[in-house]
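Here's the structure we're looking at; comments come further down.
The values are calculated or read from the model by the stated rules, or taken from the named source; none is laboratory data. Since the model is a prediction, treat every value here as computed from it, not as a measurement. When we count neighbours, we look across all protein chains shown, and the Cβ atoms used for this are built from the backbone with ideal geometry, even at glycine.
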Amino acid sequence: MMSSSPYFLLTRVLLHFAAKKEDIIGDISAAAFSPDGHLWVGSDEMVGVERLSPVGCYSYGEHQRFLLKDYIDLFNTDDEIDIEGMDFADGYLWLTGSHSTKRKKPKKDDLETNLERLATITTDLNRFILARIPVIDGKLIHSYSSDDSNNLTAACLQTTEERNILFETLKEDRHLKPFIEASIPSKDNGLDIEGLAIKDERLFLGLRGPVLRGWAIILEIELTEASSGVLTFKEIGDNGAKYKKHFLNLNGLGIRELCWQNEDLLVLAGPTMSLEGEMQIFRWCNAAQSEGDTIQKQDDKLFPLFDLPFVIGSDHAEGLALYSCWEQEDGLMVFYDSPDRRRLGNEGQIFVDVFRI
């Protein structure tokens with residue numbers, strides 16, 4: 001396997017949220033920049049997205065929250081969406097939920113209660129959301145029409161009674177079916193979407209789990225509008241398939257986020273289960289050129305760039321976005337869940353890292 005280079009920290013950027021610290025900054029799970037310069041942030045505990053605006057040198061603030069129920073149909077208004085992937089393309093902010101189940105954590109002192117919690121698997125239906133929402137003048141909107149026929153409409157991947165058509169399709173996949181049928185929770189190496197990157201109308205979805213004998217999975221799909229507000233699969237490839245699968249050797253790690261840099265796909269990789277372990281950034285060169293399913297070993301096409309700083313119990317990297325600074329054409333901004341206390345500023349403030357790539 002190829003070794004990674006030491007990381008080079010270019011700078012840190014200060015994010016200032018209006019809500020209390022515990023509300024957002026401890027649970028950042030995805031982020032994306034829109035061309036107008038706004039930074040959009042998702043959380044794995046919320047039912048909305050957050051918008052920040054540039055307010056100074058390497059600083060973003062003027063926080064505004066947008067509730068997703070105002071733009072797309074959710075299963076309900078109670079369950080978290082667990083936003084784990086986010087990207088911006090062609091006037092739309094795209095986002096995906098994890099499509100996962102979860103096992104309850106031990107929380108109380110009572111032994112029997114904790115044993116029961118560890119035996120309980122639950123499903124938040126809003127996690128099964130894959131959606132796009134137009135952004136106009138820095139705001140999410142339901143729809144937009146212009147004189148040049150540039151029509152934009154908020155839409156979700158077609159839902160079923162309890163899930164969506166992506167989940168129903170993956171239930172028949174020969175690699176994923178055993179994990180889905182057994183309802184294996186996300187942190188037990190079950191199905192867990194934690195990456196989203198868009199290239200030429202194709203969506204690349206990175207799976208934190210399952211990891212199969214050390215090989216991580218990226219799903220590639222293409223969507224089309226079946227009716228107003230409803231997306232469905234577009235055949236991808238010459239055999240009428242609804243998706244492609246790419247298996248990547250990421251040193252046994254799962255995928256936490258994806259980000260395009262020109263023709264190369266940057267992959268944030270970390271432990272698939274609730275483990276404390278090092279996280280790495282990989283480069284998959286010319287990732288969009290494959291004709292069908294692929295198995296990509298580490299070579300001159302897929303290789304590690306650097307290991308992220310490792311802090312036991314905190315600073316779990318979850319989000320990626322390109323960010324230029326210090327005359328570097330592209331830096332890589334990394335966002336963290338469970339941030340180390342030294343990363344926190346005043347109330348509602350958190351520093352994120354920008355690395356040279």
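Quick check on region 169-190: of everything there that is in a helix (DSSP H, G or I) and of a type in the set (S, T, N, Q), which residue is surrounded by the most Cβ atoms within 10 Å (Cβ to Cβ)?
Among those that are in a helix (DSSP H, G or I) and of a type in the set (S, T, N, Q), it is Ser186.
Regarding Glu84, is this residue acidic (Asp, Glu), within 20 Å of Asp192 (Cβ to Cβ) and part of a strand (DSSP E or B)? Reasoning before the result, please.
Details: acidic (Asp, Glu): yes; within 20 Å of Asp192 (Cβ to Cβ): yes; part of a strand (DSSP E or B): yes.
The answer is yes for Glu84.
Can you tell me which residues in region 154-187 are of a type in the set (Phe, Trp, Tyr) and more than 27 Å from Tyr92 (Cβ to Cβ)?
We begin by selecting, within region 154-187, every residue of a type in the set (Phe, Trp, Tyr); these are 167, 179.
The answer is Phe179, and nothing else.
Please verify whether region 99-111 includes one or more residues that are surrounded by 19 or more Cβ atoms within 10 Å (Cβ to Cβ) and among the basic types (Lys, Arg). Give the steps one after another, and end with the answer.
Within region 99-111, the subset surrounded by 19 or more Cβ atoms within 10 Å (Cβ to Cβ) is 99-102.
Cutting the leftovers down to among the basic types (Lys, Arg) gives us 102.
Within region 99-111 (the criterion being surrounded by 19 or more Cβ atoms within 10 Å (Cβ to Cβ) and among the basic types (Lys, Arg)), the answer is yes, since at least one residue qualifies.
Cβ contacts < 8 Å: first residue at pLDDT below 95 and aromatic (Phe, Trp, Tyr), restricted to region 298-311; second residue outside any strand (DSSP E or B) and surrounded by fewer than 16 Cβ atoms within 10 Å (Cβ to Cβ), any location; separation 6+ or different chain. Result?
Matching pairs, first to second residue: Phe310/Gly277; Phe310/Glu278.
Contact list please: Cβ distance under 7 Å, first residue in region 26-50 and of a type in the set (Gly, Ala, Ser), second residue assigned to a loop (DSSP other than H, G, I, E, B), pairs at least six apart or on different chains.
Close Cβ pairs satisfying both conditions: Gly26/Ser338; Gly26/Pro339; Ser29/Asp44.
Part of a loop (DSSP other than H, G, I, E, B) and among the small types (Gly, Ala, Ser): does that describe Gly240? Lay out the reasoning, then the answer.
Numbers: part of a loop (DSSP other than H, G, I, E, B): yes; among the small types (Gly, Ala, Ser): yes.
Yes, satisfied.
If I ask for residues that are in a loop (DSSP other than H, G, I, E, B) and closer than 15 Å to Asp192 by Cβ, which ones from region 99-149 would you list? Let's see the steps before the verdict.
Residues of region 99-149 in a loop (DSSP other than H, G, I, E, B): 99-101, 104-110, 119-120, 123-124, 128-129, 137-138, 141-142, 145-149.
Across region 99-149, the qualifying residues are His99, Ser100, Thr101, Thr123, Asp124, Phe128, Ile129.
So, in region 219-237, how many residues would count as being in contact (Cβ under 8 Å) with a residue 24 or more places away in the chain and among the charged types (D, E, K, R)?
Start the filter on region 219-237 by keeping residues that are in contact (Cβ under 8 Å) with a residue 24 or more places away in the chain, which leaves 219-221, 223, 225-226, 228-233, 236-237.
Then keep just the ones that are among the charged types (D, E, K, R); that gives 220, 225.
The number of residues fulfilling the criteria is 2.
In region 100-125, which residues are closer than 30 Å to Thr153 by Cβ and either hydrophobic (A, V, I, L, M, F, W, C) or at pLDDT 95 or above (or both)? Please lay out each step first, then the result.
Keep residues of region 100-125 that are closer than 30 Å to Thr153 by Cβ, which gives 100, 123-125.
Those that are closer than 30 Å to Thr153 by Cβ and either hydrophobic (A, V, I, L, M, F, W, C) or at pLDDT 95 or above (or both): Ser100, Leu125.
Restricting region 65-83 to residues that are touching a Ser or Thr at 6+ places or on another chain (Cβ under 8 Å) and either within 26 Å of Arg256 (Cβ to Cβ) or of a type in the set (Lys, Arg) (or both), which is surrounded by the most Cβ atoms within 10 Å (Cβ to Cβ)?
In the first step, residues of region 65-83 are kept if they are touching a Ser or Thr at 6+ places or on another chain (Cβ under 8 Å); the result is 69, 73, 75, 82-83.
Then keep just the ones that are either within 26 Å of Arg256 (Cβ to Cβ) or of a type in the set (Lys, Arg) (or both); that gives 69, 75, 82-83.
Values: Lys69: 14, Phe75: 18, Asp82: 28, Ile83: 31.
Among those that are touching a Ser or Thr at 6+ places or on another chain (Cβ under 8 Å) and either within 26 Å of Arg256 (Cβ to Cβ) or of a type in the set (Lys, Arg) (or both), it is Ile83.
What residue, among those in region 319-357 that are closer than 22 Å to Arg65 by Cβ and in contact with a Phe, Trp or Tyr (Cβ under 6 Å, 6 or more places away or on another chain), is modelled with the lowest pLDDT?
Taking the candidates together, the pick is Gly348.
I need every pair where a residue in region 150-164 that is touching a residue at least 24 places away in the same chain (Cβ under 8 Å) has its Cβ under 7 Å from the Cβ of a residue that is of a type in the set (Asp, Glu) and part of a loop (DSSP other than H, G, I, E, B), sequence separation at least 6 or different chains.
Cys156/Asp73
Before we move on, is Thr101 of a type in the set (S, T, N, Q) and touching a strand residue (DSSP E or B) at 6+ places or on another chain (Cβ under 6 Å)? Spell out how you get there, then give the answer.
Values: of a type in the set (S, T, N, Q): yes; touching a strand residue (DSSP E or B) at 6+ places or on another chain (Cβ under 6 Å): yes.
Judged against the criteria, Thr101 is a match.
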